[in-house]
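Colleague: Structure provided below as structure tokens; questions to follow.
The values are calculated or read from the model by the stated rules, or taken from the named source; none is laboratory data. Since we're looking at a predicted model, the values are computed, not measured. We place every Cβ from the backbone using ideal geometry, glycine too, and count neighbours over all the protein chains shown. With ligands, DNA and RNA removed, areas are computed over all heavy atoms of the protein, side chains included. Shrake-Rupley method; radii C 1.70, N 1.55, O 1.52, S 1.80 Å.
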Amino acid sequence: RNAKISIDDKDSFTVKNSIENPKKWDAEHPNLYTLRISFYEQDELIWSTTKKIGFREIKVIGNSLLVNGKPVKLRGACRQDVHPTLGRVATPEYELKDVLLAKESNMNYIRTSHYPPSDNFLKLCDEYGLYVEDETAVCFVIDYRIKGYKIASKSQSDPEYTDRYLSQLEEMVDLHRNHPSVIIWSIGNESIYGSNFQKSFDWLRENDNTRPVKFSYPGSTPDSIPPPYQILSMHYPPISGDLNQFDIKTNKFGYEKMPVIFDEWAHVACYNNETIIEDPNIRDFWGQSLDKMWIKTYDADGGLGGAIWGMIDETFMLPKQLDGFRDWWGINDDTVLPYKGTTVGYGEWGIVDVWRRKKPEFWNAKKAYSPIKILATTIKDYEQGTAIDIPIYNRFDHTNLNETIIKYTYNDSTAILDAPDIQPHKKGV
């Protein structure tokens, strides 16, 4: 419906509109509407713009994250901006490649590590359907990192840094708050709690309470205060799912008090250089490990999901004659082998390389993250002429299996089956 309002010299105003039964937005049904805003002066059109918007609701109830009233499970990866020849930069072409690759690999979730993405990237996530954890550019406020991070390693409670924490947080929220794909705010990565993180959390609760907040490392928060987060962030659980990080413990990938997201997990084997050369099967072993972790997390009470580190190889080329090469460009810590020539970066840790070519890990992630899980792949005691019952697990969040198309091939002949009526998160035949 059209909504009109008369404005004067006020700095802000509110437009109320009545939208009846809109189609909801979720990562499996990314329904978008076009919002047109026009400004007239004495019936003359002065200015007009359009935006794509989506209707959806995010809530944390107990230890579940709900999208439009239904619990979701997040299967994804950590993404950074990287271009093979332009370096640390985002381009529309590569942003589209990344979104399409994420969808093809059965991901429904991207963590923007460790800074906010471009507005264009979020528009693509809105359009194609990806949940996003939007992270402010506060990272490694901790004293064990390499010397390049030392300048801010004690900034978490320093009042001189408060404006830096809050100003960039405010910029991120103001720019991105209208994107339906953004479902989680992150106020920092792998840092020790301090008053500036508390002020960041308090500012968010006051200015946008429509999305939950996470912070890592949450276990560094004193027990004497309410937690400045609503989703527990834990990094790199073992295959058992029992992780103790700063005295916060998960149990079999679950947590009782709130949803737990392992928003860094399943690190792609990139530092095991000699092992990878000698035994390429380590890449398939990585995929089997991811599969086991996701199976356990999906069924865990309070287990929200995880994000592979990482999505894209962290490598790019620099000009040969660049001033400062190996002085401030391309400096690595002692645990990382330097690249030859003018290639720099921290690790070939992606499931795709920097050119977005699919690595073996891509296909393993696609298998592990499949939203439809066949629970038996061997049929025994089959009698000719009788039906074959195949148990199946619907691991979608908002999609009944009767919305899908099921094809089977036998003796080079392909046929289509009527998809069964199996609700999300349920098993059937």
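Colleague: Of the conditions (1) under 24 Å from Gly306 (Cβ atoms); (2) part of a loop (DSSP other than H, G, I, E, B); (3) more than 12 Å from the chain's Cα centre (by Cα), Leu100 satisfies every one except a single condition; which number is it?
Modeller: (2)
Colleague: Considering only residues that are of a type outside the set (Gly, Ala, Ser) and in a helix (DSSP H, G or I), which ones fall in segment 363-380?
Modeller: Trp363, Asn364, Lys366, Lys367
Colleague: May I pose another question? Please state which one of Asp163, Asp202, Asp126, Asp174 is over 23 Å from Gly350 (Cα atoms), under 14 Å from the mean Cα position of the chain (by Cα) and modelled with pLDDT of 95 or more.
Modeller: Matching residue, one of Asp163, Asp202, Asp126, Asp174: Asp126.
Colleague: I'm checking my understanding of the structure. Among residues of segment 341-362 that are more than 15 Å from Trp286 (Cβ to Cβ) and assigned to a loop (DSSP other than H, G, I, E, B), which one is modelled with the lowest pLDDT?
Modeller: Here the answer is Gly341.
Colleague: Looking at segment 18-44 only, could you name the residues that are surrounded by fewer than 10 Cβ atoms within 10 Å (Cβ to Cβ) and touching a strand residue (DSSP E or B) at 6+ places or on another chain (Cβ under 6 Å)?
Modeller: Thr34, Arg36
Colleague: Would you check which residues across segment 133-161 are in contact with a strand residue (DSSP E or B) (Cβ under 6 Å, 6 or more places away or on another chain) and either open to solvent by 10 Å² or more (accessible area, probe 1.4 Å) or aromatic (Phe, Trp, Tyr) (or both) and list them?
Modeller: Hit for segment 133-161 is Cys139, nothing else.
Colleague: Do you know which residues across segment 93-124 are under 21 Å from Ile53 (Cα atoms) and of a type in the set (Asp, Glu)?
Modeller: Glu95, Asp119 - these are the residues of segment 93-124 that are under 21 Å from Ile53 (Cα atoms) and of a type in the set (Asp, Glu).
Colleague: Another question, if that's okay. Please work out if Ala90 is at pLDDT 95 or above, surrounded by 13 or more Cβ atoms within 10 Å (Cβ to Cβ) and closer than 21 Å to Ile351 by Cα.
Modeller: Against the criterion (at pLDDT 95 or above, surrounded by 13 or more Cβ atoms within 10 Å (Cβ to Cβ) and closer than 21 Å to Ile351 by Cα), Ala90 does not qualify.
Colleague: If I go through segment 162-182 residue by residue, how many of them are surrounded by 18 or more Cβ atoms within 10 Å (Cβ to Cβ), out of contact with any strand residue (DSSP E or B) (no Cβ under 6 Å at 6 or more places or on another chain) and of a type in the set (Ser, Thr, Tyr)? Write out each step before concluding.
Modeller: Within segment 162-182, the first condition is being surrounded by 18 or more Cβ atoms within 10 Å (Cβ to Cβ), and the residues that meet it are 165, 169, 172-173, 176, 179-182.
Now drop any that are not out of contact with any strand residue (DSSP E or B) (no Cβ under 6 Å at 6 or more places or on another chain), which leaves 165, 169, 172-173, 179.
After this cut, where a residue has to be of a type in the set (Ser, Thr, Tyr) as well, the list is 165.
The number of residues fulfilling the criteria is 1.
Colleague: Moving on. Working only within segment 292-323, note down all residues that are in contact (Cβ under 8 Å) with a residue 60 or more places away in the chain, surrounded by fewer than 24 Cβ atoms within 10 Å (Cβ to Cβ) and touching a Lys or Arg at 6+ places or on another chain (Cβ under 7 Å).
Modeller: Of everything in segment 292-323, just one residue is in contact (Cβ under 8 Å) with a residue 60 or more places away in the chain, surrounded by fewer than 24 Cβ atoms within 10 Å (Cβ to Cβ) and touching a Lys or Arg at 6+ places or on another chain (Cβ under 7 Å), namely Tyr298.
Per-residue answers, yes or no, for (1) assigned to a loop (DSSP other than H, G, I, E, B); (2) touching a strand residue (DSSP E or B) at 6+ places or on another chain (Cβ under 7 Å); (3) modelled with pLDDT of 65 or more:
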{"residue": "Ala307", "(1), (2), (3)": "no, yes, yes"}
{"residue": "Gly310", "(1), (2), (3)": "yes, yes, yes"}
{"residue": "Phe316", "(1), (2), (3)": "no, yes, yes"}
{"residue": "Lys320", "(1), (2), (3)": "yes, no, yes"}
{"residue": "Asp327", "(1), (2), (3)": "yes, no, yes"}
{"residue": "Ile331", "(1), (2), (3)": "yes, no, no"}
{"residue": "Thr335", "(1), (2), (3)": "yes, no, no"}
{"residue": "Tyr339", "(1), (2), (3)": "yes, yes, yes"}
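Colleague: Something else: Name the single residue that is nearest to Met107 (Cα to Cα) among those in segment 373-429 being polar (S, T, N, Q) and open to solvent by 90 Å² or more (accessible area, probe 1.4 Å).
Modeller: Restricting to residues being polar (S, T, N, Q) and open to solvent by 90 Å² or more (accessible area, probe 1.4 Å), the top hit is Gln423.
Colleague: Kindly evaluate Lys52 against the criterion of being under 30 Å from Arg111 (Cα atoms), of a type outside the set (Phe, Trp, Tyr), surrounded by 15 or more Cβ atoms within 10 Å (Cβ to Cβ) and in contact with a Ser or Thr (Cβ under 7 Å, 6 or more places away or on another chain).
Modeller: When the stated conditions are applied, Lys52 passes them.
Colleague: Tell me which of these Glu133 doesn't satisfy, since it passes every other one: (1) farther than 20 Å from Lys366 by Cα; (2) modelled with pLDDT of 95 or more; (3) part of a helix (DSSP H, G or I).
Modeller: For Glu133, the failing item is (3).
Colleague: Another question, then. Just to be sure I understand, how many residues within segment 183-215 are out of contact with any Ser or Thr (no Cβ under 9 Å at 6 or more places or on another chain) and either assigned to a loop (DSSP other than H, G, I, E, B) or open to solvent by less than 10 Å² (accessible area, probe 1.4 Å) (or both)? Break it down into steps so the answer makes sense when it comes.
Modeller: Taking segment 183-215 first, the residues out of contact with any Ser or Thr (no Cβ under 9 Å at 6 or more places or on another chain) are 183-184, 201-212.
If we keep only those that are either assigned to a loop (DSSP other than H, G, I, E, B) or open to solvent by less than 10 Å² (accessible area, probe 1.4 Å) (or both) too, we end up with 183-184, 204, 208-212.
Adding up the residues that qualify gives 8.
Colleague: What are the residue pairs meeting all of these: first residue in segment 32-61, first residue among the acidic types (Asp, Glu), second residue part of a strand (DSSP E or B) and open to solvent by less than 100 Å² (accessible area, probe 1.4 Å), Cβ atoms under 8 Å, and 6 or more apart or on different chains?
Modeller: Here the result reads Glu57/Leu66; Glu57/Val67, each pair linking segment 32-61 to a residue that is part of a strand (DSSP E or B) and open to solvent by less than 100 Å² (accessible area, probe 1.4 Å).
Colleague: Would it be correct to say that Asp263 is surrounded by fewer than 19 Cβ atoms within 10 Å (Cβ to Cβ) and either over 21 Å from the mean Cα position of the chain (by Cα) or not hydrophobic (A, V, I, L, M, F, W, C) (or both)?
Modeller: When the stated conditions are applied, Asp263 does not pass them.
Colleague: So the check is Cβ under 9 Å with 6+ separation or different chains; which pairs have a first residue in segment 392-413 that's farther than 30 Å from Lys23 by Cβ and a second one that's open to solvent by less than 70 Å² (accessible area, probe 1.4 Å) and among the hydrophobic types (A, V, I, L, M, F, W, C)?
Modeller: Taking only residues 6 or more apart or on different chains, the pairs are Tyr408/Ala415; Thr409/Ala415.
Colleague: Show the residue pairs that are 6+ apart or on different chains and have beta-carbon atoms under 9 Å apart, the first residue being within segment 380-391 and touching a residue at least 24 places away in the same chain (Cβ under 8 Å), the second being not in a loop (DSSP other than H, G, I, E, B).
Modeller: Ile390/Ile374; Pro391/Ile374; Pro391/Lys427; Pro391/Gly428
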